[in-house]
Amino acid sequence: MSKVRKPGILRSVMTKTPIREGSTRERTWDAKSDISDNVLTGPRQIENTYKLAPDDEKKFRPGKVENVMKETLTEFLADVEYEKTLGQRMSKLLADTIKTRVKEFKWTRYKIVVHVIIGENREQDITAGSRFLWLEDTDNYASTTFANKSLFALAVCFGVYYE
């Protein structure tokens with residue numbers, strides 16, 4: 001299946017490579033070619049900056065992240081009643097939403113990891129712990145909780161700087 005663009009030039013549907021009629025798959029590039037520049041020039045080469053620490057204005061800020069997490073948990077869980085099937089689906093949704101909103105801060109060179117736990121609120125205590133291998137100067141985390149009459153939620157967001 002190919003379609004004619006110009007007299008004498010056919011374009012393959014699978015590869016979108018122009019082929020001249022009557023030649024042995026000789027490539028010709030015309031001005032109207034829909035092949036991107038990256039295919040023609042190859043991948044961009046980026047030089048290493050050799051930075052071992054982030055700039056001060058691009059550091060992970062736990063205060064900002066806590067505000068985002070509190071707003072997100074309140075927005076999604078304010079009027080929700082706890083159900084057994086709620087925990088897994090809602091945890092994934094909240095973690096993805098928080099991660100997307102934190103990425104809007106555009107802290108370059110940070111990996112963002114979000115963990116959300118949702119459980120039934122029976123006025124019990126819960127203790128959650130985590131271990132992480134990181135550098136105290138560049139890596140950080142933020143955590144917050146939410147509770148209503150029927151459920152509780154714990155959200156933790158880790159910002160890990162990568163070189």
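Highest mean first, how do 130-139, 89-98, 72-81 rank when packing is the count of other Cβ atoms within 10 Å averaged over residues?
By packing density, highest mean first, the sequence is 89-98, 72-81, 130-139.
Which FRET efficiency value, to the nearest 0.05, is calculated for Phe76 and Glu136 with the Förster distance at 35 angstrom and r the Cβ-Cβ distance?
After rounding, the FRET efficiency stands at 0.65.
Mind putting together the pair-distance distribution for the range 35-163? All Cα pairs, 10 Å bins, whole percent per bin, short to long.
Result, from short to long distances: 11, 35, 26, 16, 8, 3, 0 percent.
Could you run the Debye sum over the Cα atoms of the range 90-163, one equal point scatterer each and no solvent, and tell me log10 of I(q)/I(0) at q = 0.11, 0.12, 0.22 Å⁻¹, two decimals?
-0.33, -0.38, -1.02
No value in this document is a laboratory result; all are computed from the given coordinates. Treat the numbers as computed from the prediction; the structure is a model and nothing was measured. Heads up, the Cβs are rebuilt from the backbone with ideal geometry, glycines too, and the neighbour counts pull from every protein chain shown.
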